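These notes are about the structure you will find just below.
The values are calculated or read from the model by the stated rules, or taken from the named source; none is laboratory data. In this text, all values refer to a predicted model and were calculated from it rather than measured experimentally. Note: ideal-geometry Cβ built from the backbone for every residue, glycine included; neighbour counts use all protein chains shown.
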């Protein structure tokens, strides 16, 4: 286990943790990074979608600077859900983005990851969730509700 001063040294001056007690371990929880393959095409749904890339980039940059013992991502790794045909390519892009900051998160499936996007472009169906949980997603994405980025690469 690294001490706070060792972690601070690796992280540079982003965080001053000199007043914190030494932790047995540290972890980061991320969620909803919504990696976008085509951000320029996304503004129609909500204008805030156009801010996803810069917000996610900053969050991942800060998470990487923390040098935590592990990272948990609570879902919606990408914005391209399985039925778009771009989900696998998008997840690989998200994985490369994680790796750029030294992150190898454990990932839980979010609604976008399993194709449960309740709006007129993708009405939710129980069959998508059942396929995902059975390990047989129609998109070729990993079939576990819990996966590491290593399993993302094998898709």
**Prompt:** How about region 44-90: which of its residues are touching a strand residue (DSSP E or B) at 6+ places or on another chain (Cβ under 7 Å) and farther than 20 Å from residue 111 by Cβ?
**Reply:** 63, 66, 68, 69, 70, 71
**Fill in**
How many residues of region 34-45 are surrounded by 16 or more Cβ atoms within 10 Å (Cβ to Cβ) and modelled with pLDDT under 75? The answer is 1
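Return the total of residues in region 11-33 being under 30 Å from residue 91 (Cβ atoms) and either at pLDDT 90 or above or part of a loop (DSSP other than H, G, I, E, B) (or both).
12
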**Asked** What pairs can you find where one residue is in region 34-55 and at negative phi and in a helix (DSSP H, G or I), the other is surrounded by 11 or more Cβ atoms within 10 Å (Cβ to Cβ) and modelled with pLDDT under 80, and their Cβ atoms are less than 6 Å apart, with a gap of 6+ or different chains?
**Response** 49/42; 50/43; 53/39
**Asked** Restricted to region 46-61, and to residues that are surrounded by 11 or more Cβ atoms within 10 Å (Cβ to Cβ) and modelled with pLDDT under 90, which residue is nearest to residue 102 (Cα to Cα)?
**Response** 53
